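Everything below concerns the one structure shown next.
The values are calculated or read from the model by the stated rules, or taken from the named source; none is laboratory data. Quick caveat, the model's predicted, so the values are computed rather than measured. A quick note on method: Cβ atoms are made from the backbone with ideal geometry, for glycine too, and the neighbour counts reach across all protein chains shown.
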Amino acid sequence: MLELHEVGYRFPSATAPAVSGVNLAVKPGELVLLTGPTGCGKSTVLRLAAGLLARHGSGQHSGEVLVAGRAPGDLRPAQRVELVGFVAQNPNRQVVSGTLGDEVAFSLESGAWSPALIGPRVLAMLRAVGLPEEPKRGTDALSGGERQRLMVAAALAAGAGLLLLDEPLAHLDPAGAADLMALLRRLANSGVAVLLVEHRLGIALPHVDRVALMAEGRLEGAVPRDDLDLQRCRALGLRLPGLLDLEDRLRAADRWPWTEAGVAEPQPEPAATGAPLVSTRSLSFRYPRAETEALSDVSLELRAGERIAILGANGSGKSTLLACLTGPRRKDLVRDGRSVRVPQDPDLALFCETVGEELLYGPQEMRRPDSVAHEAGRALSVDDLLDRAPQALSRGQRLRVAVAAALACEPDILALDEPTSGQDHDQVERMMRALAEAPCTLLFATHDVDLALRHASRVLVLDAGRIVLDAPPSELLHRLPDGLPLAIPPLVTWCAERGLPLGTAAEVAARIEAG
Amino acid sequence: MDPRTRLALLFCVGLLAVSLDRPASLGLLCLLCALPLLALRVPPIWWLRGGLAIGAVVWGTVLSQGLFYRALPRLPLLEVGPITIWREGVFWGLIQSLRFVATLLAGLAVATSTPPDRLYAALRRLRVPFELAFLAATALRTVPDTGRTLMAVRAARAQRGRPVWQRSPWAWLRLELSMLRPVVAEALRTARSLAESLDSRGFDPSSPRSSGRPLKLAAWEWPVLGAAIALTLGAVGMRLLFVLYSSEVLYIPSLRPLYGFVRQWL
C-alpha cells in the first residue's frame with residue numbers, strides 16, 4: 001500500500017537533509033511502528049508519505065513515494081484523501097467543525113460525495129471507531145482519546161487504505177491510548193495499512209506487526225516486533241516497556257527467569273514533616289458554561305519538601321487542581337509562599353529573547369542575585385544554551401528551560417503540568433532527577449504511573465474532580481480504586497510481587513545482578 | 001438557525017446602526033443584539049467585565065466628543081474653568097459609541113454561535129470570494145484559541161514576577177510586547193496544524209464541495225428574515241427621505257408625519 005524508495009528531504013533553511021535514503025513498505029493489513037529519538041526525522045517521513053511536504057514544502061525532495069501505486073504529492077487533495085488519511089499529534093488543533101457529524105463529513109464533502117451518501121457513511125465511521133452515533137453531538141464534549149478516535153474516523157471516511165499517525169498517543173491517558181491502539185489493530189485487521197510514529201512503546205508495541213527504527217534521518221530497518229533490537233533502542237534513548245527491558249537485561253546476564261525471593265529492601269517513605277504550605281477545605285471549581293464541576297470537595301494539605309504526583313485520566317481535574325493550588329487566592333484555599341506553575345505546553349512560559357534572559361527574568365523581578373539563575377540553569381543542564389532563542393530549541397530543551405526559569409524564582413511550590421506530554425523518556429527522567437534536589441515542594445500532574453511511583457513521596461489520584469486516593473506511592477499498588485483508567489505498569493507489579501524496590505528496568509536489573 | 005440567516009441579521013444590524021440617529025433607538029438595538037448572548041450562559045463576572053468594557057467605550061467616546069466637538073451650533077452642557085463639555089458633542093459621542101456597541105454585540109453573537117465550517121459554507125453560498133470567506137472562518141476558529149494562549153502566557157509570567165503595573169510605562173509596554181512572542185509562535189503552530197488537517201482531509205478551494213448537511217432555512221426563519229429585512233429597509237428608506245428633506249433636496253408635504261417620526265424616534 002505504501003512504498004518509500006530512497007526517500008529524502010532537506011528543509012529550505014537546513015544544510016543537511018532531515019531524512020535520506022529511507023526505504024520502507026507497508027502492506028494492507030499491516031500495523032507498522034516508526035520510532036526513534038526526538039528530531040530523527042520520523043514526522044518528516046510521515047508527511048512525505050502523506051504527500052503534505054510534496055505539496056507545500058519548499059525543500060529538496062529525493063526518491064519516490066507511492067501509495068497504491070500513485071504519488072500522493074502529485075494528487076489533488078480531494079483525490080489524495082481517498083488514498084491516505086493523516087492524523088497529527090494534538091487532536092485539539094485538528095478539529096475543524098463543531099459536531100461529530102460535520103467533522104467526519106468534512107473529507108467526504110471535499111470529495112464532493114452525494115449528500116445522500118454522506119449521512120450513512122458518517123454513522124458507519126463513528127460506529128467503526130467506537131464513538132456514539134450522534135452526529136449532532138458537539139466536539140467540545142469529547143475527551144482527548146475520543147477526539148483522536150474522531151480524527152481517525154475523519155481521516156478514513158473517504159475510503160483511504162493507508163492511515164498515517166504522528167504521535168497520536170502523546171496527549172492521551174493510558175486507557176485512551178490503549179483504546180486507540182486497539183482501534184488501530186482492528187483497522188489493520190480489516191485491511192487498512194497503518195504507519196504509526198510513536199514514543200510510547202509500552203502501549204504501542206504489543207499491537208504492532210513490525211517496528212521501524214530511525215536515527216539521525218536514516219531508517220535502520222523494519223523488523224517484526226519480536227526481533228526488535230532492544231540494545232539499539234536503549235542506545236537511542238527509547239523507553240522500552242519496563243518488563244520487556246528487564247527481561248532482556250536479565251537474559252543477557254543469564255539471570256532470567258528470576259525466581260528468587262525478594263531482596264526486600266525497605267521502601268523509603270519520606271515523612272511529610274515540613275510546615276504546611278497549602279491547605280484547602282472543600283475546594284470546588286466549575287468552568288464557565290460547564291455542566292459539572294471540574295473539582296469537587298477537595299480538602300488537602302501540602303507540606304514543605306513533599307514530592308506530590310497527581311494522577312488521573314484525561315479530564316479528571318489534574319490541571320485544574322494544579323491551577324487552583326498555584327493560582328490566585330481563593331476563599332477555600334490558604335497558601336504560604338511563592339508558587340510557580342509550568343504549563344502543559346512549556347512554550348507558553350517562554351517569552352524572553354534568549355535563554356539567559358529567561359532564566360534571569362524571575363531573579364531580576366524579585367531583586368535576587370543572578371547566581372540563582374545560573375544555579376537553576378546548571379541544575380537543569382541548560383547553562384550551555386544561554387545565548388539561544390528559547391523558541392528555536394528542541395521540545396525537551398524548551399521544557400527544561402521553562403522549568404529552570406521557574407526554579408530560578410526560588411518557588412516554595414513548583415508545579416509541573418503533564419511534564420511527560422510529547423516528551424521523550426530521557427528528557428523527562430533527566431529533569432525529574434535534577435528536580436529531586438530542588439529545595440521546594442514539587443507538584444506534578446501526570447498519566448505516567450511509573451514516573452509517579454519513582455519520583456513522588458505522595459500520590460493523589462483524581463477521578464471526576466474528586467480525590468479518590470491520597471497515599472504514599474507504595475500504597476498505590478494495593479489501594480488503587482477499581483475502574484480508573486490508570487494501569488499499574490507490569491514492571492511495578494513484578495517488582496512488588498517479588499519484594500523488590502521500585503525502579504527503572506536498568507536499576508532493578510542492576511540490583512538483581514548485584515545479588 | 002441557518003448561518004445565512006445569522007449573517008443576514010448581522011447585516012441588518014449594521015445597516016440599522018448607521019441609519020438610526022437617536023440614543024434611545026440605538027440603545028434598544030444594543031439590547032436586542034445582547035439578547036442572543038444570554039444563551040451563552042457566561043458567568044456573571046464576564047458580564048461584569050463586558051459591561052465595564054462597553055461602559056468604558058461609551059464613556060470615552062462621549063467624553064472626547066463632548067470636549068472636542070467643533071461643529072456649530074453647539075451649546076455648553078458643563079463648564080469647569082477653561083474646559084467646556086458641549087451638549088451636541090455628548091449626544092454625538094453617545095450615538096457613535098452605541099453604533100459601535102450594537103454591531104460589536106451582534107458580531108459576537110454570530111461569531112460565538114456559528115461553527116467555522118458552517119460560516120464558511122454560508123459565506124461561499126452568499127458568493128463571498130474564497131479568500132475572504134476562508135479568512136473569516138479561520139479567524140473565527142483561531143481567535144478564541146489565541147485569546148486563551150495570551151491569558152496562559154500572562155498567567156505564567158505573573159507567577160515569575162511583579163505585577164505588570166509596578167514598573168515604568170515603557171517597561172510595561174516592552175513586557176506586554178514580549179508576551180506576544182509565545183502567542184505568535186503558538187498561533188503559527190496552530191495555523192500549521194490546521195492547514196495540515198484541512199489539506200490532509202481534501203480541502204481544496206478550487207474543487208467543488210458537497211455538503212452533508214446542506215444549508216436550509218427552517219420554515220420559521222423566513223418570517224423572521226422577512227421582518228428583519230422589512231424593518232431595516234423601512235428604517236433606511238425613512239432615514240434617506242429625512243436626509244433629503246433636511247438637506248433641502250426633496251420635500252414632500254404629505255410626508256410631514258414621517259419626518260416627525262424620524263426626528264423623534266430614528
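Being under 30 Å from A:Ala177 (Cα atoms) and in contact with a His (Cβ under 8 Å, 6 or more places away or on another chain): is that true of A:Ser421 here?
In short, yes.
Filter region B:170-206 down to residues that are of a type in the set (D, E, K, R), within 7 Å of chain A (Cβ to nearest Cβ) and assigned to a helix (DSSP H, G or I), then give me how many there are.
Residues meeting the conditions: 4.
Touching a residue at least 12 places away in the same chain (Cβ under 8 Å), more than 26 Å from B:Leu10 (Cβ to Cβ), out of contact with any Ser or Thr (no Cβ under 7 Å at 6 or more places or on another chain) and assigned to a loop (DSSP other than H, G, I, E, B): is that true of B:Arg70 in this structure?
no
Among the numbered criteria (1) surrounded by 20 or more Cβ atoms within 10 Å (Cβ to Cβ); (2) more than 10 Å from chain B (Cβ to nearest Cβ); (3) modelled with pLDDT of 90 or more, which single criterion is violated by A:Gly85?
(2)
Among the residues of region A:378-423, write down those that are among the β-branched types (Val, Ile, Thr) and touching a Gly at 6+ places or on another chain (Cβ under 6 Å).
none
So the check is Cβ under 6 Å with 6+ separation or different chains; which pairs have a first residue in region B:37-49 that's more than 9 Å from chain A (Cβ to nearest Cβ) and a second one that's surrounded by 14 or more Cβ atoms within 10 Å (Cβ to Cβ) and assigned to a helix (DSSP H, G or I)?
Between residues of region B:37-49 that are more than 9 Å from chain A (Cβ to nearest Cβ) and residues that are surrounded by 14 or more Cβ atoms within 10 Å (Cβ to Cβ) and assigned to a helix (DSSP H, G or I), the close pairs are B:Leu37/B:Ala109.
Can you list residue pairs whose Cβ atoms sit under 7 Å apart, with the first residue in region A:132-155 being without any contact (Cβ under 8 Å) to a residue 12 or more places away in the chain and the second being surrounded by fewer than 23 Cβ atoms within 10 Å (Cβ to Cβ)? Count only pairs 6 or more apart in sequence or on different chains.
Short answer, once both residue conditions are applied: A:Glu133/A:Leu123; A:Glu133/A:Arg127.
Just wondering, is there one or more residues in region A:57-72 that are surrounded by fewer than 22 Cβ atoms within 10 Å (Cβ to Cβ), within 30 Å of A:Asp226 (Cα to Cα), more than 11 Å from chain B (Cβ to nearest Cβ) and among the polar types (S, T, N, Q)?
No: region A:57-72 contains no residue that is surrounded by fewer than 22 Cβ atoms within 10 Å (Cβ to Cβ), within 30 Å of A:Asp226 (Cα to Cα), more than 11 Å from chain B (Cβ to nearest Cβ) and among the polar types (S, T, N, Q).
Would you mind telling me which numbered condition in (1) facing chain A (nearest Cβ under 10 Å); (2) in contact (Cβ under 8 Å) with a residue 60 or more places away in the chain B:Ala228 fails?
So the condition that B:Ala228 fails would be (1).
Quick grid of which residues meet (1) away from chain B (no Cβ under 11 Å); (2) touching a Gly at 6+ places or on another chain (Cβ under 7 Å); (3) among the small types (Gly, Ala, Ser); (4) closer than 26 Å to A:Arg225 by Cα:
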| position | (1), (2), (3), (4) |
| --- | --- |
| A:Ser107 | no, yes, yes, no |
| A:Gly119 | no, yes, yes, no |
| A:Leu131 | yes, no, no, no |
| A:Glu134 | yes, no, no, no |
| A:Leu150 | yes, no, no, no |
| A:His171 | yes, yes, no, yes |
| A:Ala193 | yes, yes, yes, yes |
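Taking region A:357-373 as the region of interest, how many residues are under 14 Å from A:Leu407 (Cβ atoms) and within 10 Å of chain B (Cβ to nearest Cβ)?
Number of matching residues: 5.
Would you point out the residue of region B:242-253, among those that are in contact with a helix residue (DSSP H, G or I) (Cβ under 7 Å, 6 or more places away or on another chain) and surrounded by fewer than 17 Cβ atoms within 10 Å (Cβ to Cβ), that is nearest to the other protein chains (Cβ to nearest Cβ)?
Only one residue fits best here, namely B:Leu250.
Take the residues in region A:316-356 that are over 15 Å from B:Arg160 (Cα atoms), of a type in the set (A, V, I, L, M) and outside any helix (DSSP H, G or I); name whichever of them is nearest to the other protein chains (Cβ to nearest Cβ).
A:Leu333
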